[in-house]
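Bear in mind that the values in this text are calculations on the coordinates, not laboratory data. Remember, predicted model here, so these are calculated numbers, not experimental data. Methodologically, a virtual Cβ is constructed for each residue, glycine included, from the backbone with ideal geometry; neighbour enumeration extends over all protein chains shown.
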């Protein structure tokens, strides 16, 4: 096996091991919560969420591979990461509100119409987000979650920067970086899928209570994400 | 089927407990520090012995910060080493992926290389730098990082 091939295997293994040793602790509650809340279509929801996350990882890996600079890129996307944290944190809070059945306020007829256009738009968005039965939210959620700062992801991006710096051309660096991070992302999926499946199996028996617990977990996880901004 | 679900429950609980321990930091730093190892790398270089060899590690600039370019300098005494050494950066109790720094020869028994410590959003600040001495073993230096 050439050294380049072994880098790709290493990236997949980093994702796989990190998935069980790191991501379960950091992202497990969020995945468990949406697995319980999404209902029968949880596998499709999980695939969409994972595809979104892997897409973002690949784009970041490609850009860092292209430039060969880890610090330069991560510093330039700090504001984007903060926006991603705010967006995903508030999305999770509103999904949690939806699960717990507190969205009556947002659904009250005529309430939105009496407010300004911007307020109406926000309320409409909140209502859409809180309608957790829709699968459309999971791919964008994965895309945004991919930007959440994570030590394990940073380590993989450092490796992509090294591969990019050692590449013969910028295009080669871009392709290498994107491929490395795509494999890393793929490696992280089994652990989170397992958490999701376990949550689903348990939810068959305790559906009512776990469904509400999922709503609470989503609100807490969202609040934790937002607290990282301060 | 019922037995299968029971097994899944048990393993699931094990995984969730391990994840919780990682979150709460219960495994944090186990087996790392001893009385002679309390040298502070954020203040100066630290020396350790492995067999009859001495290994000194210094990190600059100080204080040691995450998400900054850092220079790792190693001085090895009493052992024949090659042109390069490898230093591994890790966080005790939390898998952070393979973060290897290649240390190139920078003089007689001296090695130097550039690396980055990623920021961990769990808030844990204890990291370790492990120098691999081929044929002699590994020397681990725990240190705190500023986020």
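In table form, for the structure just shown:
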item: Cβ-based exposure ranking for B:144, A:5, in which fewest neighbours within 10 Å come first; result: A:5, B:144
item: The stretch B:32-144: relative contact order in percent, alpha carbon pairs under 8 Å with at least 6 residues between; result: 27
item: Binned Cα-Cα distance frequencies in the stretch B:79-147 - 10 Å width, integer %; result: 19, 49, 25, 7
item: Peptides A:41-53, A:156-168 ordered by average Cβ neighbours within 10 Å, highest first; result: A:156-168, A:41-53
item: Average partner coverage of B:114-120, which counts Cβ from other chains inside 10 Å; result: 5
item: Per-residue average of Cβ from other chains inside 10 Å of B:96-105; result: 5
item: Sorted peptide list for B:119-125, A:217-223, B:76-82, criterion being average Cβ within 10 angstrom, highest first; result: A:217-223, B:119-125, B:76-82
item: Fewest-first ranking of B:68, B:108, using other Cβ atoms within 10 Å as the exposure measure; result: B:108, B:68
item: Along principal axes, Cα extents of the stretch B:41-86, largest first, whole Å; result: 33, 22, 11
item: Peptide A:12-20, shielding by other chains (average Cβ, 10 Å cutoff); result: 2
item: Dmax and Rg, reported as Rg then Dmax, of the stretch B:32-144 (C-alpha, Å); result: 13.3, 40
item: Peptides B:86-94, A:78-86 ordered by average Cβ neighbours within 10 Å, highest first; result: B:86-94, A:78-86
